[in-house]
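Colleague: Encoded as structure tokens, here's the structure I'll be asking about.
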Amino acid sequence: MRGSLHSIRSEVDVESGIGRIMVLYSPGRTSSYPTDPVDSGIRIHFLGGGDEVGNVGCVLEDKTGTRILIDYGLAPTRPPRYPSECPPIDHAIITHSHIDHIGMAPWLVGHHGTRLHGTTLTAAVSEMMWRDTYKVSNIEGYPLPWDMRDLDAALGAWETHDMGEWFEIGAWRLRFHRAGHIPGAAMIEIETPELRLLWGGDMDTRQNPNVAGAKPVKCDVLCIESTYGGREHPNRLEEEARLVARVKEVVSRGGLALIPAFASGRCQDILRILHTAVPHMEVHFDGMGTRVTKHWMNNPEHIHHPEGLEKVWRWARKVRSKSDRKKALDADVIVTTSGMLDGGPAIWYLNRLRHDSANAILLTGYQAEGSGGRSLLDNRRLPIFGNITPVDLEVSQFQLSNHAGHSELLSFVRACEPRHVVFFHGDTEAREAISAEFKQSPTPSLPLNGTSLNLK
């Protein structure tokens, strides 16, 4: 029911024997956000994403009473994890269109009438991400805290802003900077009467095939992700070359390379890489990524070399029907969702390709605990249409992340010259590894979900 509190126990996890509880909240009665006023500086309160990857939601407030929320996502686990309930809030900044940052935005609008601020591309892609989340919740049988009425309201709640364009919320001035994560993703520079804060969000300082890297911004307080704290990425060009070599090897022996990839960012990167390196190959493109790409091309200001993306779009064979899907089985490469093999066309293809050992699966990114991709890596099996199915195919994994690695994070922090740096969006090991690099200046903070930092 809309607006009521439920506790739901999922099926017990067979391997761990642990049942998981999913709690949905009752607006105005279950928020734990502090009610005391801010004396000075800025209060930073993580509802989610403070000491975990994804599931992001953070409230910022100062003594003027200006209060904003940055992101409000969910963790796409089974069942999903949600951030804590947000207090009444008039304005939310959405950094980008991945579900762990936007998944709960319809709830905000439906229950608080919140205005959503983001780039044009983020606003455009959000609708299909929300609709897909709603569809999956119905298929898998877990309730969402929001319904279709909230989704429809959210579609009309956007205020979009160009990169570098100043806008005002209360006593603050804000503007967006490119985050380098995916096209349309933004860092947020915030001027308050007392300090300047930069919210990095999901970011990458390296050039990737579709978006330029993030540039440092001088600030007093820097809030930055720490997903890859303590870990270095392999050289990007070398990793792309390794992917191409693997594709060539599979095709040369008469096999098909299945490349599951995320709909917004990874699919398009893979297509660009293949178009440059193996333009003679027959590459089919299926899933939500095809619709995301159309939005990208309608917002070329967010794309690195948009003409190149248009060439890739014309080259790749789009799958638009069941008959197209069957024809794709005779291709050299299929690029499709979902990136973690948790559903989508990738499962349909895998079920038909798994009987021929000449075929191979090429994973191009992080595979979360509990995902089909992680099960495939660890156990050589995964759920296929409800049945745990062995898969006797070669599986390769490539590191093509669009998150900054340890060295990139260090360089970015130092170039911003903050007094305080807040490391969020990372596990305990990652956050401790990156914060250990800063013994004196800037002062590091490792926030916990449900607690507040007061920085000056």
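Each row is one residue, and each column tells you yes or no for (1) within 17 Å of the chain's Cα centre (by Cα); (2) of a type in the set (V, I, T); (3) not assigned by TED's automatic domain parsing to the domain that holds L362.
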position: P209; (1), (2), (3): no, no, yes
position: A214; (1), (2), (3): yes, no, yes
position: K218; (1), (2), (3): no, no, yes
position: R242; (1), (2), (3): no, no, no
position: R272; (1), (2), (3): no, no, no
position: H275; (1), (2), (3): no, no, no
position: F285; (1), (2), (3): no, no, no
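Colleague: Out of all the residues in segment 370-381, which are touching a residue at least 60 places away in the same chain (Cβ under 8 Å) and under 17 Å from P80 (Cβ atoms)?
Modeller: Across segment 370-381, the qualifying residue is only G370.
Colleague: Something else about it: Looking only at segment 130-157, which residues are farther than 21 Å from T95 by Cβ and in a loop (DSSP other than H, G, I, E, B)?
Modeller: G141, Y142, P143, L144, D147
Colleague: Considering every residue within segment 74-95, establish whether at least one is surrounded by fewer than 17 Cβ atoms within 10 Å (Cβ to Cβ) and farther than 30 Å from G372 by Cα.
Modeller: Yes, that holds for at least one residue.
Colleague: Every residue in segment 51-70 that is touching a residue at least 60 places away in the same chain (Cβ under 8 Å) and over 18 Å from E168 (Cα atoms), please.
Modeller: Answer for segment 51-70, where residues must be touching a residue at least 60 places away in the same chain (Cβ under 8 Å) and over 18 Å from E168 (Cα atoms): D51, E52, V53, G54, V56, C58.
Colleague: Given the condition in contact with a Pro (Cβ under 8 Å, 6 or more places away or on another chain), assigned to a loop (DSSP other than H, G, I, E, B) and not aromatic (F, W, Y), answer yes or no: does some residue in segment 159-176 qualify?
Modeller: Within segment 159-176, one or more residues are in contact with a Pro (Cβ under 8 Å, 6 or more places away or on another chain), assigned to a loop (DSSP other than H, G, I, E, B) and not aromatic (F, W, Y).
Colleague: Sticking with this one: May I ask you to say which residue of Q367, Q397 is polar (S, T, N, Q) and either over 17 Å from the mean Cα position of the chain (by Cα) or modelled with pLDDT of 95 or more (or both)?
Modeller: Q397
Colleague: Please go through segment 322-358 and pick out each residue that is of a type in the set (A, V, I, L, M), closer than 21 Å to N402 by Cβ and assigned to a loop (DSSP other than H, G, I, E, B).
Modeller: M340, L341
Colleague: Right, next: If you go through segment 272-321, how many residues are charged (D, E, K, R), assigned to a loop (DSSP other than H, G, I, E, B) and either free of Cβ contacts under 8 Å to residues at least 40 places away in the same chain or under 18 Å from A212 (Cβ atoms) (or both)?
Modeller: So the answer is 1.
Colleague: When you check D150 against the structure, is it over 16 Å from the mean Cα position of the chain (by Cα), over 17 Å from A263 (Cα atoms) and acidic (D, E), yes or no?
Modeller: Yes, satisfied.
Colleague: Assess whether L341 counts as being farther than 19 Å from Q268 by Cα, surrounded by 21 or more Cβ atoms within 10 Å (Cβ to Cβ) and touching a helix residue (DSSP H, G or I) at 6+ places or on another chain (Cβ under 9 Å).
Modeller: For L341, the condition - farther than 19 Å from Q268 by Cα, surrounded by 21 or more Cβ atoms within 10 Å (Cβ to Cβ) and touching a helix residue (DSSP H, G or I) at 6+ places or on another chain (Cβ under 9 Å) - is not met.
Colleague: Still on this structure, please answer the following. Could you please let me know if D286 is at pLDDT 95 or above, surrounded by 15 or more Cβ atoms within 10 Å (Cβ to Cβ) and among the acidic types (D, E)?
Modeller: Yes; evaluated as a whole, the condition is true for this residue.
Colleague: Filter segment 205-228 down to residues that are of a type outside the set (D, E, K, R) and not in a loop (DSSP other than H, G, I, E, B) and give me whichever is surrounded by the most Cβ atoms within 10 Å (Cβ to Cβ).
Modeller: The extreme case among them is C223.
Colleague: Give all pairs with beta carbons closer than 6 Å in which a residue from segment 251-271 that is more than 24 Å from A185 (Cα to Cα) meets a residue that is polar (S, T, N, Q) and assigned to a loop (DSSP other than H, G, I, E, B); count only pairs at least 6 apart in sequence or on separate chains.
Modeller: What qualifies is G255/N359; L256/N359.
Colleague: What tally of residues in segment 231-270 results from selecting those that are under 12 Å from L400 (Cβ atoms) and either surrounded by 19 or more Cβ atoms within 10 Å (Cβ to Cβ) or touching a strand residue (DSSP E or B) at 6+ places or on another chain (Cβ under 6 Å) (or both)?
Modeller: 12
Colleague: Additional query: Which of the residues spanning segment 62-78 are among the hydroxyl-bearing types (S, T, Y) and out of contact with any helix residue (DSSP H, G or I) (no Cβ under 7 Å at 6 or more places or on another chain)?
Modeller: Within segment 62-78, T64, T66, T77 qualify.
Colleague: Same structure again: Out of curiosity, is L155 touching a residue at least 12 places away in the same chain (Cβ under 8 Å), surrounded by 22 or more Cβ atoms within 10 Å (Cβ to Cβ) and either within 27 Å of D342 (Cβ to Cβ) or under 15 Å from the mean Cα position of the chain (by Cα) (or both)?
Modeller: When the stated conditions are applied, L155 does not pass them.
Colleague: Looking at (1) aliphatic (A, V, I, L, M); (2) assigned to a helix (DSSP H, G or I); (3) under 22 Å from the mean Cα position of the chain (by Cα), which is the only condition M187 fails?
Modeller: In the conditions (1) aliphatic (A, V, I, L, M); (2) assigned to a helix (DSSP H, G or I); (3) under 22 Å from the mean Cα position of the chain (by Cα), M187 misses (2) alone.
The values are calculated or read from the model by the stated rules, or taken from the named source; none is laboratory data. Just so it is clear, the model here is predicted, and its values are computed rather than measured. FYI the Cβ positions are ideal-geometry reconstructions off the backbone, even for glycines, and counts take in every protein chain you see.
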